[in-house]
Amino acid sequence: MNKAIRKYLIAGNWKMNKTASEAEDLVKDIHQSVGQQTEVGVCICPPFTALETSARLLEGSNIQLGAQNMYPKAEGAYTGEVSPVMLRSLFCTFVILGHSERREYFGETDAFINEKVLASFESSLKPILCVGEKLEEREAEKTLEVVREQLEGGLKDVTSEQAENLVVAYEPVWAIGTGKTATPEMAQEVHAVIRSWLVERFGETVAHKIRILYGGSMKPANAEELLAQPDIDGGLIGGASLQAKSFIELVNLAKQA
Ligand code: PGA
């Protein structure tokens, strides 16, 4: 089926960078350059502490806001956590879930990530579910097995109707923040397997609407080739989303892809 039914999505994952006042400058620059175009979906995911400032500055633009994590309950005694309801109240559209840094440093399991995915849908947030193998898993030729297992676990009990609002990000762990990118062919191979899994699980029509982003050292110099692949529908951008220039360039490259 034709890739043209999916609009590219360029999502910036700022991770634990930028204070609220630093965020202001970056958001203003991004807004000014690509805030009105509609050809490419653009989303920025600042830290929680910069969401409110960003939401205010993005009002009236076509740039959407996302969070980098959430707790899977609406409210309650969960010291230090942030709920999907709170994120909605700050005009978040997306939430990144299951990022490899959360899996690695905070022990998040597929079952816990699944709770979050289900809770995000409950609150009408669109999850960007991250999957991807570690270096040793790739070397042991376990990439596809690992990715399938993460999809299986993370998307348990998700309905086809909910899946229409799902975004998947394939992020090989060895490529994140390392400057090493998967070759376009390596990435496409995994993206195609993810697409087949989605077809099996949610049916052809829904699976072809789901965007699968590539993440892992994506930057203007390598984006064109990656975005040209039949099952790569955009990028989840870490390092290169922290400067307006490179992020805007990535949006423009997606426009031309
Ligand atoms: P990177 O991060 O672009 O800095 O590799 C991507 C991510 O972790 O989402």
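The values are calculated or read from the model by the stated rules, or taken from the named source; none is laboratory data. Just so it is clear, the structure is predicted and the values come from calculations on it, not from any experiment. We place every Cβ from the backbone using ideal geometry, glycine too, and count neighbours over all the protein chains shown. These accessible areas exclude ligands, DNA and RNA; they are computed on the full protein's heavy atoms, side chains included. Shrake-Rupley method; radii C 1.70, N 1.55, O 1.52, S 1.80 Å.
Applying the criterion of at least 2 residues that are open to solvent by 20 Å² or more (accessible area, probe 1.4 Å) and more than 20 Å from ILE113 (Cβ to Cβ) to the helices (runs of 4 or more DSSP H) found wholly in the range 150-256 leaves 184-202, 204-207, 220-227, 244-256. Residues in the range 37-93 that are charged (D, E, K, R) and closer than 24 Å to ARG103 by Cβ: 2 in all.
GLU139: open to solvent by 80 Å² or more (accessible area, probe 1.4 Å) and either within 16 Å of the chain's Cα centre (by Cα) or not small (Gly, Ala, Ser) (or both), yes or no?
yes
Quick check: anything in the range 59-80 touching a strand residue (DSSP E or B) at 6+ places or on another chain (Cβ under 9 Å) and among the aromatic types (Phe, Trp, Tyr)? Within the range 59-80 (the criterion being touching a strand residue (DSSP E or B) at 6+ places or on another chain (Cβ under 9 Å) and among the aromatic types (Phe, Trp, Tyr)), the answer is no, since none of the residues qualifies.
The condition of being touching a His at 6+ places or on another chain (Cβ under 7 Å) and more than 16 Å from the ligand (Cβ to nearest atom) holds for LEU57.
Set side by side, the residues LYS209, LYS156, LYS142, LYS255 differ, and just one is free of Cβ contacts under 8 Å to residues at least 12 places away in the same chain, more than 15 Å from the ligand (Cβ to nearest atom) and among the basic types (Lys, Arg), which is LYS142.
Annotation: GLY234 fulfils all but one of (1) more than 16 Å from the ligand (Cβ to nearest atom); (2) touching a strand residue (DSSP E or B) at 6+ places or on another chain (Cβ under 8 Å); the unmet one is (1). Name the residue, out of ARG148, ARG201, that is touching a Leu at 6+ places or on another chain (Cβ under 8 Å) and either among the aromatic types (Phe, Trp, Tyr) or more than 16 Å from the ligand (Cβ to nearest atom) (or both). Among ARG148, ARG201, only ARG201 is touching a Leu at 6+ places or on another chain (Cβ under 8 Å) and either among the aromatic types (Phe, Trp, Tyr) or more than 16 Å from the ligand (Cβ to nearest atom) (or both). Total residues in the range 198-238 satisfying the condition of being small (Gly, Ala, Ser) and either more than 21 Å from LEU129 (Cβ to Cβ) or in contact with a Cys (Cβ under 6 Å, 6 or more places away or on another chain) (or both): the figure is 3. Entry remark, the range 113-149: residues being of a type in the set (Lys, Arg), part of a helix (DSSP H, G or I) and more than 17 Å from PHE202 (Cα to Cα) number 2 in total. The selection criterion, being under 19 Å from SER217 (Cα atoms), of a type outside the set (Val, Ile, Thr) and open to solvent by 20 Å² or more (accessible area, probe 1.4 Å), does not hold for LYS126.
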